[in-house]
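The block underneath contains the structure these notes are about, expressed in structure tokens.
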Amino acid sequence: MTIPRDEAADTLRQIEQAGQRSAAAYHDAMAAPHLVLWGVIWMIGYAAVYFRPAWWAVWPALIVIGFVGSFGLGRRMKGGAMPAGFGRRYTLTILAVTAFITALFAILPPPSGAQVGAFIPLLVALWYGLSGIWTGAPRIAWLGLAVGAVTVGAYFWQPAAFALWMAAAGGGGLILGGLWMRRV
């Protein structure tokens, strides 16, 4: 029995689309617990800075907790599903981005804490957007767009309550994004 050329091409297209949807769902499911973790960290960090500006030093501790938590989540979820060397590449990427931010701030020091508080989420938004584009996970790309929009909006339209806005909308948005992506 011979399958007509059009039917075979249509079947191959459907298989490709199913594969893309499956890969996107997998990326979403892998990202979900990390988004919830970092959403909680953003809520705590930005709320602490809003209510007690002198507590800005809570951020380095929260970031360490976040990275340790992310690595722990990654190990727990790994189950052989992550590519070889992924942990090493992830660590080196974090170090490269940290070195970039440090060098950038040394050359162009931000004159205000709000600018630092906006810059990092904009980098996160860029990371999510590019990750979503490159992995074919549109929900992560949309989340990046939302994080970027909330950050810019809060910075310009709510400067007095920027940190509180970022705690609620930024942290809450990451948590909601994680819950939205939690499907398998």
| remark: With 0.36 nm assigned to each residue of separation and the Cα-Cα distance removed, residue 77 to residue 58 gains 4.0 nm
| Taking the range 55-184 on its own, what percent of its Cα-Cα pair distances exceed 22 Å? | 44 percent
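Every read-out reported here was derived from the displayed coordinates using simple, explicitly stated rules and does not represent laboratory data. Everything quoted here is computed from the prediction, not taken from an experiment.
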